[in-house]
């Protein structure tokens with residue numbers, strides 16, 4: 001292979017995809033194997049011919065090299081190449097499947113990143129709204145606590161006023177109980193007065 005052909009092959013590999021590079025590498029390997037095996041079979045054939053001639057010269061016996069013998073070797077070579085190609089094809093399929101799954105995973109990651117990017121401003125806006133709601137809630141809680149404190153103070157004042165009113169009521173009831181007998185006696189005495197008693201009272205210049 002010339003220097004220009006080697007450079008062209010390198011450039012072709014550099015510009016192709018990893019999958020294509022793998023296929024090209026496999027094909028190049030197969031060509032190399034074919035050339036090596038071809039040279040090997042030629043060498044084997046020449047060695048067998050020389051051995052047959054030597055055997056005939058030394059023992060006087062003729063060994064026939066039939067095409068069937070070499071055909072069997074070629075069939076064996078074909079079977080090995082077929083098995084090797086099937087194994088390489090299986091590995092290539094696995095490699096292609098792995099690459100496809102990686103591409104699908106990358107697409108999924110890109111899609112999720114895009115969706116998260118779209119949700120980012122919305123989540124940020126909702127976070128701000130939650131912060132505003134929390135501030136408002138804290139303010140309302142403080143107002144409720146202040147109102148409760150004011151109501152508690154007013155309730156204490158009302159309780160004190162109620163206690164004072166009950167004390168006044170008890171004192172009034174006590175005094176009423178003390179004055180009730182006098183009131184009843186005066187009322188009974190008033191009921192015993194007659195008209196003549198008023199005439200008698202008018203006759204006095206000064207109260208007796």
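List the equivalent ellipsoid semi-axes of the range 30-116 in whole Å, largest first, each obtained as the square root of 5λ for an eigenvalue λ of the Cα gyration tensor.
After scaling each eigenvalue by five and taking roots: 56, 11, 6 Å.
Figure the gain on full extension for residue 126 and residue 147 (residue separation times 0.36 nm, minus the Cα-Cα span) and round it to one decimal in nm.
Working it through step by step, the gained length comes to 4.5 nm.
Using the Kirkwood radius built from alpha carbon pairs, what does the Stokes-Einstein equation give as D for the range 28-70 at 4 °C and 1.567 mPa s, in µm² per second?
The estimated diffusion coefficient comes to 109 µm²/s.
For the range 71-124, what does the convex hull of the Cα positions come to per residue, in cubic angstrom?
Given the Cα convex hull of the range 71-124, per-residue volume reads 33 Å³.
Read-outs: derived from the displayed coordinates by stated rules, not from any lab. Here the structure is a predicted model, which is why all the values come from computation and not from measurement.
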